[in-house]
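The values are calculated or read from the model by the stated rules, or taken from the named source; none is laboratory data. Everything numeric in this text was worked out from a predicted model, so none of it was measured. All Cβ positions, glycine included, derive from the backbone under ideal geometry; neighbour counts span all protein chains shown.
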Amino acid sequence: MKKKVLIMSETILNDDILALEASGFEVVTAQNYPQGLEKLDATSPDLVIIDEMLPVVNGWEACSRLREISDIPIILLSADQSGQAVARAINRGVDTYIFKPFSSRELEARVNALLRRYQRKVMVMAEVEKEQGPILDLIDKITDKETSLNINIEDIGGRLFGRSLSLSGRVKIGLGTLKRPTNY
């Protein structure tokens, strides 16, 4: 089954589309963010490429909005090669940042690399769910003592090793910083 790539760009480059299609991808295009959302819902792509110069809603805002509703891999295309721009992109949920101009080979390589990483993540999550049941069921496995301890750690804004149940009800696994809750 072909992997689908959604490209949101007003100036869609045919060479890049042809290169991705030649590599076995199905390419879906949208010329702005609203059209991109429609195509996202209609086609269920595996990855989204967004041009920073997107009309209606710029690429930066499009990345932020898309990340709020989906964890689909996102590549941002940008002419800004500053470290600040890269950091800004990462903070908005971008997985890979490509400087313009770029070659079709670079785009293809980055798409393949990002999809490989994403596929591994999906496989790990499936394995965890296979062994332990759905991730959300982990809440049931946290004891009262663990919950009490985690609340105390949250109260002092400490760090937690292992798993935790935050006051918001979200399960966290691994090392993380817990923030003091605003409402007791």
| query | Identify, please: which residue in the range 57-87 is free of Cβ contacts under 8 Å to residues at least 24 places away in the same chain and among the small types (Gly, Ala, Ser) and is, among those, nearest to residue 12 (Cα to Cα)? | reply | 85
| From the options 90, 69, 7, 98, residue that is of a type in the set (A, V, I, L, M, F, W, C), within 17 Å of the chain's Cα centre (by Cα) and buried (at least 21 other Cβ atoms within 10 Å of the Cβ) | 7
| field | Meets criteria (under 12 Å from the mean Cα position of the chain (by Cα) and of a type outside the set (A, V, I, L, M, F, W, C)) for residue 121 | value | yes
| message | Residues that are under 16 Å from residue 25 (Cβ atoms) and among the acidic types (Asp, Glu): does the range 64-72 have at least one? | response | no
| request: Test residue 21 against the criterion of being at pLDDT 90 or above and loosely packed, with under 13 Cβ neighbours inside 10 Å, and give yes or no. | output: no
| message | Taking the condition of being aliphatic (A, V, I, L, M) and at pLDDT 90 or above, how many residues in the range 1-16 meet it? | response | 4
| message | So if I check each of 20, 54, 107, which one is more than 18 Å from the chain's Cα centre (by Cα), within 22 Å of residue 3 (Cα to Cα) and touching a residue at least 24 places away in the same chain (Cβ under 8 Å)? | response | 20
